[in-house]
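Report on one structure; see the data block that follows.
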């Protein structure tokens, strides 16, 4: 009997879910999803191309934007196959290993993006508080080292999550409520005691996304304090204007991710549709809107984009 069960567990799959109750119109729903993925991939790829091709944009702010666009592009690619597979082909099955790999990539990229947003806040803080030393503080070698630390931190803290998930036994329906795998939900599918995994996952969330968001908030408190000390209102508004695009990116990233995390852990009586919608907002909207926001708000980047299209 044990051998039969072991065989069943090894060959088992998770079942992904699109939008429950709307299966008959999934093909129509796939159209806006295809458009959003296309805009996100093309928009972020275009940002990468513009920054790489133009030496005048090889400055700290645009290098951080380059890393942000690369992270958003990778995040879109990591969820696109399963999401479009459900809505276009009604292909719901995903193997355990593929699901655990998707958990690793989604949460690692999420952690990296949080770190990049923190570095961008630090960049704005230095530019406003100490503009004369800006170039000497944020040199290219230092930026490369900070980028490597972001990637290594994300991979190191997230890697134990799929390893722990792989050690569990799964004997329930294994029907996930999203069209991709998230750690918080996959963990609850296990028949084993997953308290260690739950505590570790919560600790990782608090020490990465939670800590980063707190440091970003403190950075903006210091930025605001510096701006208010400037006597010229024009200079104050000009300094704050350089932070608008970053603030939009911060709100687009942290608002849905914190809402989804709270619902998964504490919102047992919440609407399933709310979870699904927040899940799509959490992974689709930041990669979709970040290139648009930065293209509109950044004068230098906007001029380079217009020049490319003019040619």
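Derivation of every value follows stated rules applied to the coordinates shown; laboratory data play no part. Because the structure is predicted, anything quoted here is derived from the model rather than measured. Here the Cβ is made from the backbone with ideal geometry for all residues, glycine too, and neighbour counts use every protein chain on show.
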Take the residues of segment 18-40 that are over 17 Å from residue 77 (Cα atoms) and in contact with a helix residue (DSSP H, G or I) (Cβ under 8 Å, 6 or more places away or on another chain): which is surrounded by the most Cβ atoms within 10 Å (Cβ to Cβ)? 18
Restrict the check to segment 129-138 and report whether at least one residue is assigned to a helix (DSSP H, G or I), surrounded by 20 or more Cβ atoms within 10 Å (Cβ to Cβ), touching a helix residue (DSSP H, G or I) at 6+ places or on another chain (Cβ under 8 Å) and in contact (Cβ under 8 Å) with a residue 24 or more places away in the chain. no
Which condition number in (1) closer than 19 Å to residue 72 by Cα; (2) surrounded by fewer than 16 Cβ atoms within 10 Å (Cβ to Cβ); (3) in contact with a helix residue (DSSP H, G or I) (Cβ under 6 Å, 6 or more places away or on another chain) is the one that residue 105 fails? (2)
Checking 149, 144, 116 in turn, the sole residue that is part of a helix (DSSP H, G or I) and either crowded, with 21+ Cβ neighbours inside 10 Å or in contact with a strand residue (DSSP E or B) (Cβ under 7 Å, 6 or more places away or on another chain) (or both) turns out to be 116
